[in-house]
Amino acid sequence: MTAHDPSRREFAHGLTLATIGVALGVGPSRQHDADVSRDAEAIHQVIHFKVPPARVYNTLMDAREFLAIMKFSTVPNAPLPTIEANAGGAFALFGGHILGRQIELAPDTRVVQAWRTSGWPVGLYSIARFELAAAAGGGTKLTFDHTGFPKGDGAHLASGWYLNYWTPMEKHFAGR
């Protein structure tokens with residue numbers, strides 16, 4: 001079989017048929033609708049801290065700092081976490097209940113992680129994104145987005161971020 005480069009007329013005719021097919025719902029955009037989930041869950045949280053972004057970033061990236069916030073979490077006696085603060089580095093938090101890899105690190109600005117709980121099926125990771133910005137009047141505005149976790153886990157995970165990250169971080173930063 002030899003390749004055939006379409007003429008302008010053949011190309012325009014094919015494009016017209018494809019456009020009509022899409023408009024009528026018979027083209028490729030409808031062909032794979034069953035492959036697309038429309039019920040994905042996502043978490044979006046905005047948290048303000050009274051410390052600069054560098055302090056928040058350091059708390060997320062330094063094992064001893066993270067251990068300090070864990071003392072205010074639902075797992076206060078967990079062992080020292082492991083946190084490799086480089087892209088591709090692994091982390092294990094809360095006694096290995098939370099595991100993952102650092103995907104993107106922009107010091108004092110952004111942390112993107114492939115994040116999972118030890119109870120999820122092997123090989124299943126979600127994406128946790130921490131976006132840090134200096135807040136008006138001082139402090140840090142942390143915009144957090146978590147996607148790709150198993151359906152039905154959203155409410156549990158959303159409350160878990162507050163119970164094990166945001167509230168403990170507030171207490172740690174306040175020196176309590």
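Does segment 123-136 hold any residues that are at negative phi and either surrounded by fewer than 15 Cβ atoms within 10 Å (Cβ to Cβ) or assigned to a strand (DSSP E or B) (or both), and which are they?
Once the filter is applied, which keeps residues that are at negative phi and either surrounded by fewer than 15 Cβ atoms within 10 Å (Cβ to Cβ) or assigned to a strand (DSSP E or B) (or both), segment 123-136 yields LEU124, SER126, ILE127, ALA128, ARG129, PHE130, GLU131, LEU132, ALA133, ALA134, ALA136.
Of these, LEU99, LEU132, which one is farther than 15 Å from MET169 by Cα and of a type outside the set (Val, Ile, Thr)?
LEU99
Suppose the filter is in contact with a strand residue (DSSP E or B) (Cβ under 9 Å, 6 or more places away or on another chain) and part of a loop (DSSP other than H, G, I, E, B); does TRP120 pass it?
Values: in contact with a strand residue (DSSP E or B) (Cβ under 9 Å, 6 or more places away or on another chain): yes; part of a loop (DSSP other than H, G, I, E, B): yes.
Judged against the criteria, TRP120 is a match.
Do any residues in segment 138-166 that are under 23 Å from PRO53 (Cβ atoms) have Cβ atoms under 6 Å from those of residues that are among the charged types (D, E, K, R) and not in a loop (DSSP other than H, G, I, E, B), where the two are at least six apart or on different chains, and which pairs are they?
Listed by first residue and then by second, the contacts come to THR143/GLU131; ASP145/ARG129.
Only one of (1) surrounded by 15 or more Cβ atoms within 10 Å (Cβ to Cβ); (2) in contact with a helix residue (DSSP H, G or I) (Cβ under 8 Å, 6 or more places away or on another chain); (3) in a strand (DSSP E or B) fails for MET169. Which number is that?
For MET169, the failing item is (3).
Could you list, ordered by first residue, the pairs with Cβ atoms under 8 Å in which the first is in segment 58-76 and buried (at least 16 other Cβ atoms within 10 Å of the Cβ) and the second is acidic (Asp, Glu), at least 6 apart or interchain?
Note: pairs meeting the criteria are ASN58/GLU65; THR59/GLU65.
Among the helices (runs of 4 or more DSSP H) confined wholly to segment 4-103, which include 1 or more residues that are in contact with a Gly (Cβ under 6 Å, 6 or more places away or on another chain) and either of a type in the set (S, T, N, Q) or modelled with pLDDT under 95 (or both)?
8-24
Could you check segment 137-155 and list, in sequence order, the residues that are closer than 27 Å to ALA174 by Cβ and not in a loop (DSSP other than H, G, I, E, B)?
THR140, LYS141, LEU142, THR143, PHE144, ASP145, HIS146
With THR140, THR147 as the choices, which residue is surrounded by 13 or more Cβ atoms within 10 Å (Cβ to Cβ) and more than 17 Å from ASN58 (Cβ to Cβ)?
THR147
The values are calculated or read from the model by the stated rules, or taken from the named source; none is laboratory data. None of the values given here were measured: they were computed from a predicted structure. Here Cβ is always computed from backbone atoms with ideal geometry, including for glycine, and neighbour counts include all displayed protein chains.
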